[in-house]
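The next block holds one structure in the form of structure tokens; read it before the comments.
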Amino acid sequence: MTKYGFLGIGIMGKAMATNLLNAGFDVTVWNRTAAACRPLVELGAKQGKTAADVVAQSDITFAMVSDPEAAKALCFGKDGVLEGISEGKSYIDVSTVDADTSSDIYHAVKANGGRFLEAPVSGSKKPAEDGTLVFLCAGDQSLYEDAVDALDVMGKKSFYFPRMGQGAQMKLVINMIMGTMMTAFAEGLCLGDKIGLEKTDILDVIGQGAITCPMFQLKGPLMMEENFAPAFPLKHMQKDMRLALLQGDACSQPLYTSSAANNAYLKARQDGRGDEDFSAVIKNL
Ligand code: NAP
């Protein structure tokens, strides 16, 4: 039986590892703040002492951490992933990072005899809980094939892209679009409100037209209730905007509306809203 590891038990990692356990997989978990592992241990997970320990005990280890800095610290740091990688070990990083970070991790894991897949996910807390994420993968194709059972438990669809880094790039393009959609949506709700339109009417009209989307229908009612409990923390949305803009800068691609949206998320972070849901960007307005 394949042994799985899961590193990073935050909003997404907790839901994903829970689905693996509920499907009967053998899972060993680790989180920097150990207490977060408790609910998973209650579901039958084993708890590793360090990330290296989990990788050494497992055949395939997943990681879901905040950002490029966290992904690198987890991989290259003391007691980190690389210390546990040897021939036959496999590592799948599902965090949202930039292509360079993914490539650095890929080369380091390969150099130690392991296999690596980048597999960032499209979908938020609810799809993670429902097992309906979309995986955007690149790296070792044999690992993609070997991990398909686990990916199918946690997601509804997986893509494999031929060049290392394309999973990260796809994820950043998608989230850049999502981030600008949210700021435009928030501005529309605020303008409508100011001129006397009912926000519920705005939502209903959107719902009947070509710009309707699950995100507006899910977030709209929560934003009206001022419920900003984090499904996707605003600090991570701003990180994704920043990484997408850096990608644009690197290839001389102007990104006008995304730059403006990034500033809106920066302002919200400056105002202390980083740990709220990214829809809290409406509070800027
Ligand atoms: P989260 O709840 O903030 O969890 C972040 C996780 O990263 C925690 O387990 C945290 O450990 C760990 N971490 C942070 N710095 C670390 C370090 N230096 N070393 C080791 N572990 C570290 O975030 P999340 O919402 O689950 O998101 C995780 C990733 O998924 C991010 O890249 C995000 O952009 C991406 N994502 C999120 C969503 C979403 O809707 N939430 C959707 C798609 C993709 P501690 O508990 O010790 O702080």
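The values are calculated or read from the model by the stated rules, or taken from the named source; none is laboratory data. These numbers come from a predicted model, not from an experiment. Glycine gets a Cβ as well: all are built from the backbone with ideal geometry, and neighbour counts include every protein chain shown. Protein only, heavy atoms only, side chains kept; ligands, DNA and RNA dropped before computing areas. Shrake-Rupley method; radii C 1.70, N 1.55, O 1.52, S 1.80 Å.
Calculate the dipole size of the stretch 169-284 relative to its Cα centre from +1 charges on Lys and Arg beta carbons and -1 charges on Asp and Glu beta carbons; express the result in debye to the nearest 20.
440
So what are the radius of gyration and Dmax for the Cα set of the stretch 3-164, in Å?
So, for the stretch 3-164, Rg and Dmax equal 13.8, 39 Å respectively.
Note down the accessible area of Phe159, probe 1.4 Å, to the nearest 10 Å².
Counting only protein heavy atoms, Phe159 exposes about 80 Å² to solvent.
How about the stretch 65-130: which GluC sites (Glu not before Pro) there lie in a loop by DSSP and see at most 10 other Cβ atoms within 10 Å?
Answer in residue order: Glu87.
Could you pull out the pairs from Lys14/Lys46; Lys14/Lys267; Lys235/Lys267 whose alpha carbons sit more than 20 Å apart here?
Lys14/Lys267
Could you state the number of Å between the C-alpha centres of the stretch 36-85 and the stretch 200-248?
Comparing the Cα centres of the stretch 200-248 and the stretch 36-85, I get a distance of 31 Å.
To the nearest 20 Debye, how big is the dipole of the stretch 3-164 about its Cα centre, given +1 on the beta carbon of each Lys and Arg and -1 on that of each Asp and Glu?
320
Ser158's amide H: which non-local residues (gap 5+, or another chain) put their own amide H closer than 5 Å, with H modeled 1.01 Å from N in plane and none for Pro or chain starts?
Answer set, sorted by chain and number: Phe135.
May I ask which of Lys72/Lys125; Lys156/Lys239; Lys110/Lys219; Lys72/Lys199; Lys78/Lys157 have a Cα-Cα span longer than 31 Å here?
Pairs exceeding 31 Å: Lys110/Lys219; Lys72/Lys199; Lys78/Lys157.
In degrees between 0 and 90, to the nearest 10, how far off the longest principal axis of the chain does helix 166-194 point, with axes built from Cα atoms?
So the inclination is approximately 30 degrees.
Could you state the angle between the C-alpha long axis of helix 234-250 and the longest principal axis of the C-alpha atoms of the chain, as a value from 0 to 90 degrees rounded to the nearest 10?
80
In debye, nearest 20, what is the charge dipole magnitude of the chain about its Cα centre with +1 on Lys and Arg Cβ and -1 on Asp and Glu Cβ, if you could check?
In total the dipole reaches around 300 debye.
From the C-alpha coordinates alone, can you work out the Kirkwood hydrodynamic radius of the chain, in Å?
Evaluated over the chain, this radius sits at 19.6 Å.
Quick check: the angle from helix 99-111's long axis to the longest principal axis of the chain, C-alpha only, nearest 10 degrees?
Tilt of helix 99-111: around 10 degrees.
How many Å² of accessible area per residue for the stretch 41-164, probe 1.4 Å?
Result: 42 Å² per residue.
Quick one: Karplus J couplings for the stretch 77-84, per residue in order, coefficients 6.51, -1.76, 1.60, θ = phi - 60°, nearest Hz, x for Gly and Pro?
Couplings: x, 4, 6, x, 3, 4, 5, x Hz.
Using the Karplus curve 6.51 cos²θ - 1.76 cosθ + 1.60 with θ = phi - 60°, what ³J(HN,Hα) values do you get for each residue of the stretch 26-36, in whole Hz, with x for Gly and Pro?
Result, ordered by residue: 8, 10, 10, 10, 8, 9, 3, 9, 4, 4, 5 Hz.
Given R₀ = 22 Å, what would the calculated FRET efficiency be for Leu191 paired with Lys267, taking r from the Cβ atoms and rounding to 0.05?
The value I calculate is 0.80.
As a test of the formula, what do you get for the chain when each DSSP H run with n ≥ 4 contributes -39,500 (n - 2.57) and the sum is divided by the residue count, at 222 nm and rounded to the nearest 500 deg cm²/dmol?
-16000 deg cm²/dmol
If the viscosity is 1.002 mPa s and the temperature 20 °C, what translational diffusion coefficient in µm²/s does Stokes-Einstein give for the stretch 169-284 when Rh comes from Kirkwood over Cα pairs?
147
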